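Worksheet: the structure to be examined is printed underneath.
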Amino acid sequence: MALRVRRTASVMTAMTAGATALAVLTPATALAADDPLQGYGQQKLRWERCAADQPESLECTTVKVPLDYGDPGGRTIGIAVSRIKAGSTAKRHGVLLMNPGGPGAPGLTMPAGMEPLLPAEVRERFDLVGFDPRGVGRSSPVNCGLTADEQALHHPYSAGTFGQDVARARNVADKCWSKAGDLLPHITTRNTARDLDAVRAALGERTISYLGHSYGTYLGAVYTQMFPRRADRFVLDSALDPALVWRGALRGTTEAAELAFTRWTRWAAARDATYGLGATPEAVRTTFWDLVAQADRTPIPLEGQLFDGDAIRAQYPVFVQVEAATTFVVALKAATAGTPAGPSGTVSAAAETPADAPADAPADAPDMDNVVSAAWAVFCGDAGWPRDPEQYRQEAIRDRAARPLAGDLGANIQPCAFWKSTPREPATAVDNNVNALIVQNEWDPQTPLAMAKGMRRALHGARIVTVAGGEGHGVLVTGRPSCADGYATRYLTTGRLPATDRTCG
């Protein structure tokens with residue numbers, strides 16, 4: 001998608017020079033005296049325990065970076081960084097930076113969450129390094145003051161409510177620019193990648209290794225494109241397709257939901273004697289859509305909530321997990337008859353926000369206004385979006401017809417249609433030979449297998465390990481044993497990728 005870039009030639013030249021300067025930062029004193037980013041690579045970091053409720057081994061610091069890399073001598077912001085030191089000084093290989101996803105998810109406590117999930121031979125070789133990306137958590141957070149309704153990513157399309165959808169999207173954009181207009185243009189994936197390289201330099205490292213989940217895979221891929229010589233061992237867990245950033249990614253997720261739904265109807269039909277949803281996939285499908293139609297007439301009470309048809313459809317991520325989906329539909333069916341059926345297995349409301357996080361995320365909930373506000377900053381700042389509300393309306397109608405389960409949920413109008421500026425830089429075209437390992441479940445509700453294959457096409461030096469039959473969003477980050485574990489451990493400890501792409505079960 002072509003992007004209009006509102007920068008003068010001189011400013012663009014300055015930004016390019018800044019990026020180039022950062023790309024050649026080294027931990028040594030070989031920095032040129034007139035390098036505008038010299039000071040950022042020579043910071044003296046002060047480490048201290050992150051928090052009393054965190055492990056003593058998790059220590060934190062702040063790395064100073066430019067707000068605008070096109071003006072490295074101007075305003076600065078702080079990036080909150082954490083680490084757990086490698087278990088062995090003798091075997092230490094370097095640093096393993098981590099990002100949990102989002103965009104908008106804080107990552108400062110991720111080293112503590114991941115440490116018990118990683119094998120000893122990985123922990124002894126790497127300092128585990130986490131960070132809150134710019135705009136998030138303790139790194140100059142943005143907060144738009146959004147209501148719960150405004151924080152939701154998905155709003156179903158209907159002709160009668162589209163005017164409200166347009167007003168909501170416009171209001172979110174207006175709130176964000178009113179409260180954080182000085183920060184928003186600079187909260188982008190490219191700038192976060194630049195921050196990663198500034199952290200690398202401040203840590204005194206010539207290269208970084210990396211573990212990114214979900215959105216973190218895109219951030220990692222952008223880093224490999226911008227700083228290919230600084231990328232060591234990159235593991236991308238549940239990958240996005242860089243070519244779909246960002247509207248294409250939202251619509252692609254609902255396309256994959258139809259495949260998962262079809263698979264579920266077959267699974268449930270084969271178990272009709274147990275669940276009673278229908279003896280054929282067609283019968284199971286009819287049962288489901290009859291429930292949706294009934295809920296549209298009279299919302300179905302379930303676990304203290306009322307589910308109308310749109311609310312049922314909004315649970316589409318659950319269909320990648322066939323047992324949980326069956327439990328949910330059985331519970332809905334029982335509720336229509338006034339019969340309790342136990343827990344429903346519905347997905348959490350967090351699945352309807354722009355951000356996601358691995359299963360090891362800390363129990364204390366993040367500030368959802370900050371999470372969602374930062375997410376919109378990245379979504380709208382990374383790539384261009386359509387400006388005409390009519391285009392969203394037409395696409396929502398078409399996608400709902402082609403993908404009845406959730407097509408309109410991914411295509412309806414979003415705040416980026418009313419963002420106050422166009423992206424300052426073109427979206428990053430990822431196309432390089434940097435080594436990386438992609439690990440992917442076959443059935444993932446948020447970054448489907450097709451997206452991971454898109455990432456594999458963009459990273460020619462990568463290999464992908466697909467977990468056949470694997471369900472859910474996240475492979476390594478969930479802590480559940482997986483056939484991909486051995487591949488990741490071997491790569492992180494030796495740097496050796498599989499000879500070819502692999503599928504394991």
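Observations on the structure shown:
- A single entry from Gly216, Gly220, Gly212, Gly204 fulfils the requirement of being under 25 Å from Thr62 (Cα atoms), part of a strand (DSSP E or B) and at pLDDT 95 or above: Gly212.
- In the stretch 228-252, of all residues being under 15 Å from His154 (Cα atoms) and basic (Lys, Arg), the one that is surrounded by the most Cβ atoms within 10 Å (Cβ to Cβ) corresponds to Arg247.
- Asp485 satisfies every condition listed in (1) over 30 Å from Trp385 (Cα atoms); (2) touching a helix residue (DSSP H, G or I) at 6+ places or on another chain (Cβ under 6 Å); (3) not small (Gly, Ala, Ser) except (2).
- Some residue of the stretch 151-163 being among the small types (Gly, Ala, Ser), buried (at least 22 other Cβ atoms within 10 Å of the Cβ) and farther than 30 Å from Gly486 by Cα: no
- Yes/no for Asn171 being surrounded by fewer than 22 Cβ atoms within 10 Å (Cβ to Cβ) and in contact (Cβ under 8 Å) with a residue 24 or more places away in the chain: no
- Scanning the stretch 41-74 for residues that are of a type in the set (Ser, Thr, Tyr), in a loop (DSSP other than H, G, I, E, B) and either without any contact (Cβ under 8 Å) to a residue 60 or more places away in the chain or farther than 17 Å from Leu183 by Cβ (or both) yields one hit, Ser57.
- Cβ pairs under 6 Å, 6+ apart, first in the stretch 445-465 and within 23 Å of Ala324 (Cα to Cα), second of a type in the set (Asp, Glu) and surrounded by fewer than 24 Cβ atoms within 10 Å (Cβ to Cβ): Leu449/Glu442
- Within the stretch 150-184, the set of residues being of a type in the set (D, E, K, R) and either under 20 Å from the mean Cα position of the chain (by Cα) or at pLDDT below 95 (or both) comprises just one member, Glu150.
- Some residue of the stretch 265-274 being touching a residue at least 24 places away in the same chain (Cβ under 8 Å), of a type in the set (Lys, Arg) and closer than 21 Å to Asp408 by Cα: no
- Of all residues in the stretch 30-53, those that are in contact with a helix residue (DSSP H, G or I) (Cβ under 9 Å, 6 or more places away or on another chain), surrounded by fewer than 18 Cβ atoms within 10 Å (Cβ to Cβ) and modelled with pLDDT of 95 or more total 1.
- Breaking point among (1) more than 28 Å from Ala180 (Cα to Cα); (2) at pLDDT 95 or above; (3) crowded, with 21+ Cβ neighbours inside 10 Å, for Ala383: (1)
- Here the stretch 419-456 is the region considered, the condition is being among the β-branched types (Val, Ile, Thr) and over 21 Å from Tyr491 (Cα atoms), and the residue that is surrounded by the most Cβ atoms within 10 Å (Cβ to Cβ) is Thr447.
- On inspection, Ala167 fails the criterion of being small (Gly, Ala, Ser) and assigned to a loop (DSSP other than H, G, I, E, B).
- Residue check for Ala198: within 15 Å of Gln440 (Cβ to Cβ) and either in contact with a helix residue (DSSP H, G or I) (Cβ under 6 Å, 6 or more places away or on another chain) or part of a helix (DSSP H, G or I) (or both): no
- Taking the criterion of being part of a loop (DSSP other than H, G, I, E, B) and at positive phi, the residues of the stretch 81-110 that qualify are Gly101, Gly102, Gly104.
- Test: Pro133 is of a type outside the set (Phe, Trp, Tyr), outside any helix (DSSP H, G or I) and surrounded by 20 or more Cβ atoms within 10 Å (Cβ to Cβ): yes
- A single entry from Gly78, Gly113 fulfils the requirement of being surrounded by fewer than 16 Cβ atoms within 10 Å (Cβ to Cβ) and not in a loop (DSSP other than H, G, I, E, B): Gly78.
- Check on Leu497, buried (at least 18 other Cβ atoms within 10 Å of the Cβ), within 21 Å of Asp241 (Cβ to Cβ) and over 22 Å from the mean Cα position of the chain (by Cα): yes
- Residues satisfying the stated conditions in the stretch 295-309, i.e. hydrophobic (A, V, I, L, M, F, W, C) and surrounded by 13 or more Cβ atoms within 10 Å (Cβ to Cβ): Ala295, Ile300, Leu302, Phe307
- Test: residue in the stretch 318-328 that is more than 30 Å from Met455 (Cα to Cα), crowded, with 20+ Cβ neighbours inside 10 Å and without any contact (Cβ under 8 Å) to a residue 24 or more places away in the chain: yes
The values are calculated or read from the model by the stated rules, or taken from the named source; none is laboratory data. Because the structure is predicted, anything quoted here is derived from the model rather than measured. Note: ideal-geometry Cβ built from the backbone for every residue, glycine included; neighbour counts use all protein chains shown.
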